[in-house]
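Okay, structure first, notes after.
Derivation of every value follows stated rules applied to the coordinates shown; laboratory data play no part. This one's a predicted model, so the numbers in the text were calculated from it and none came from an experiment. Note: ideal-geometry Cβ built from the backbone for every residue, glycine included; neighbour counts use all protein chains shown.
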């Protein structure tokens, strides 16, 4: 869980610092970290994380993605397939 909080602290900091000038490299970095998290986590770890409330930093990231449709689309295009495959393997989606 500490890793998760640290990851989202890093993500939020990178978003704040780099959104204006370098959206795509920043977005690539965030997406790569999310993909890596899903690929390296066990199904049990993902189930436990799903049951826990989201940290404030993760909620801020989600809010930023809600407010920027272009960034959200790019992010989802990058992470959807790896996340969906892992969630399917873990029985989290039908």
Could you check the spin-label model distance between residue 50 and residue 28? Points 7 Å from the Cα along Cα→Cβ, value in nm. 3.2
Run the numbers for residue 85 and residue 43: contour at 0.36 nm per residue of separation, minus the present Cα-Cα distance, in nm. 14.0 nm
Post the alpha-carbon centroid distance, the stretch 35-52 to the stretch 61-79, in whole angstrom. 20
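Under the rule a/c < 1.5 gives rounded, and otherwise a/b versus b/c splits prolate from oblate, where does the stretch 41-94 land using the Cα gyration tensor?
Working: a/c = 3.11, a/b = 1.38, b/c = 2.25.
Here the stretch 41-94 falls in the oblate category.
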